[in-house]
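Each remark here refers to the structure printed beneath this line.
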Amino acid sequence: MTHAHTSGRKRTAAAAAAVALALTTAACGEPQNAGAGGKPIIGLITKTDTNPFFVKMKQGAQEAAGQQTVDLQSFAGKQDGDNEAQVQAIENLISAGAKGFLITPNDSKAIVPSIDKARQAGMLVIALDTPTDPATAVDATYATDNYQAGLLIGQWAKAKFAKEGKQARIALLDLNANQISVDVQRDQGFLEGFGVDVKDKTKIGDEDDPRIVGHDVTDGAEEGGRTAMETLLQKDPSINLVYTINEPAAAGAYQALKAAGRDKDVTIVSVDGGCPGVDNVGAGVIGATSMQFPLKMASMGVEAITRFAADGTKPAATAGKDFVDTGVQLITDQPQSGVDAKDSAWGKQNCWG
């Protein structure tokens, strides 16, 4: 962390001003590089401030900051993918002398030099939800186990189809062509849970199981889900099981199925746990979804940086994993034997957005 020093020759007016500021702050009885009321500064940098997932994350950070008596400073990109705004946020936090920050990186690779700079300044950096590339660029990652999220909906679908004596015809509605980790892990987890040999777990689409009709991409959006579902239905109208990367894509898939008169005999599974998605579980649109906990990610992250500010303790990863697992819960109103689940009423009490 950069501190002004009072000893030695003051080379510039700016340096003198910095020293004067430091002395004034100290004279007020507050530590240097502290926020309001002398509290340690902690940053939260999300991808955007409009996505309900990040709104809930910010709420979790604010609640934890209030309990931990730290000064939370929040920043966000203007839109998903806005790396520049996140770089500027880190610069601001370094200048403010923050103890550390939480970040959902918009560009997992491009943000790393800025994170390196912050860590060299003595800050603790925690990635939330989205890992950096490499993941070791941060001190810790607090996230959903996306493979487990996929595995749960796969196990649920397998049990349902076995009970009903149905042979699956599977459509997979993924995120995009880039095969980013969250996309791959959810897709492959679902297939493994359903009992499909996924070949290489780090790749989407290399399996050769005859039950799989195909994959298409949705950009995680309702419109993309509808278009992808229409495309795959044209390829094979007998599809009866649809995996979707997230709940907006699931809503779009349902619209396409309804337009084709197939909404009553096709099972849709998804991942997210947003309130609209939980409502769709209650309405029978989505058969089951895996809920993640953004509020918990942020509150645990704030607590970790607060501990670090107090005594230098760094967070440890969950046993057997290279990140801190913030949990996942299957939500369905059609429970299946051997698969732990909560109903949509519980989901409604714990959802986000």
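Looking at the range 127-157, which of its residues are more than 15 Å from the chain's Cα centre (by Cα) and under 15 Å from L102 (Cα atoms)?
T136, A137, V138, D139
Kindly provide the set of residues from the range 300-323 that are farther than 23 Å from P40 by Cβ and either in a helix (DSSP H, G or I) or β-branched (V, I, T) (or both), ordered by number.
Once the filter is applied, which keeps residues that are farther than 23 Å from P40 by Cβ and either in a helix (DSSP H, G or I) or β-branched (V, I, T) (or both), the range 300-323 yields only T318.
Out of the residues in the range 76-93 meeting the condition of being closer than 20 Å to D139 by Cα and among the hydrophobic types (A, V, I, L, M, F, W, C), tell me which one is most open to solvent (accessible area, probe 1.4 Å).
V87
Mind counting the residues in the range 265-303 that are aliphatic (A, V, I, L, M) and closer than 22 Å to T318 by Cα?
Residues that pass the stated criteria total 7.
Of everything in the range 31-54 that's among the β-branched types (V, I, T) and modelled with pLDDT of 95 or more, which residue is surrounded by the most Cβ atoms within 10 Å (Cβ to Cβ)?
So the residue we want is I42.
Please find, within the range 258-282, the residue that is nearest to S344 (Cα to Cα) out of those that are among the polar types (S, T, N, Q) and in contact with a strand residue (DSSP E or B) (Cβ under 6 Å, 6 or more places away or on another chain).
S270
Being farther than 25 Å from R119 by Cα and either part of a helix (DSSP H, G or I) or open to solvent by 30 Å² or more (accessible area, probe 1.4 Å) (or both) is the requirement here; does K348 meet it?
Criteria met by K348.
Kindly indicate whether G287 is in contact with a Pro (Cβ under 8 Å, 6 or more places away or on another chain) and either in contact (Cβ under 8 Å) with a residue 24 or more places away in the chain or among the aromatic types (F, W, Y) (or both).
no
Look at V339 and say whether it is open to solvent by less than 80 Å² (accessible area, probe 1.4 Å) and either assigned to a loop (DSSP other than H, G, I, E, B) or touching a Pro at 6+ places or on another chain (Cβ under 9 Å) (or both).
Yes, satisfied.
Please go through the range 37-70 and give me each residue that is outside any helix (DSSP H, G or I) and of a type in the set (S, T, N, Q), ordered by number.
T46, T48, T50, N51, T69
Looking only at the range 115-128, decide whether some residue is within 18 Å of M291 (Cα to Cα) and not hydroxyl-bearing (S, T, Y).
Checked against the condition, which is being within 18 Å of M291 (Cα to Cα) and not hydroxyl-bearing (S, T, Y), the range 115-128 yields at least one hit.
Is it fair to say I331 is crowded, with 20+ Cβ neighbours inside 10 Å, touching a Ser or Thr at 6+ places or on another chain (Cβ under 7 Å) and in a loop (DSSP other than H, G, I, E, B)?
Considered against the rule, which asks whether it is crowded, with 20+ Cβ neighbours inside 10 Å, touching a Ser or Thr at 6+ places or on another chain (Cβ under 7 Å) and in a loop (DSSP other than H, G, I, E, B), I331 comes out as no.
Kindly establish whether I305 is over 19 Å from the mean Cα position of the chain (by Cα) and open to solvent by less than 10 Å² (accessible area, probe 1.4 Å).
no
The values are calculated or read from the model by the stated rules, or taken from the named source; none is laboratory data. The model shown is predicted, which means the values in this text are computed figures rather than measured ones. We place every Cβ from the backbone using ideal geometry, glycine too, and count neighbours over all the protein chains shown. The accessibility values were calculated without ligands, DNA or RNA, using every heavy atom of the protein model including side chains. Shrake-Rupley method; radii C 1.70, N 1.55, O 1.52, S 1.80 Å.
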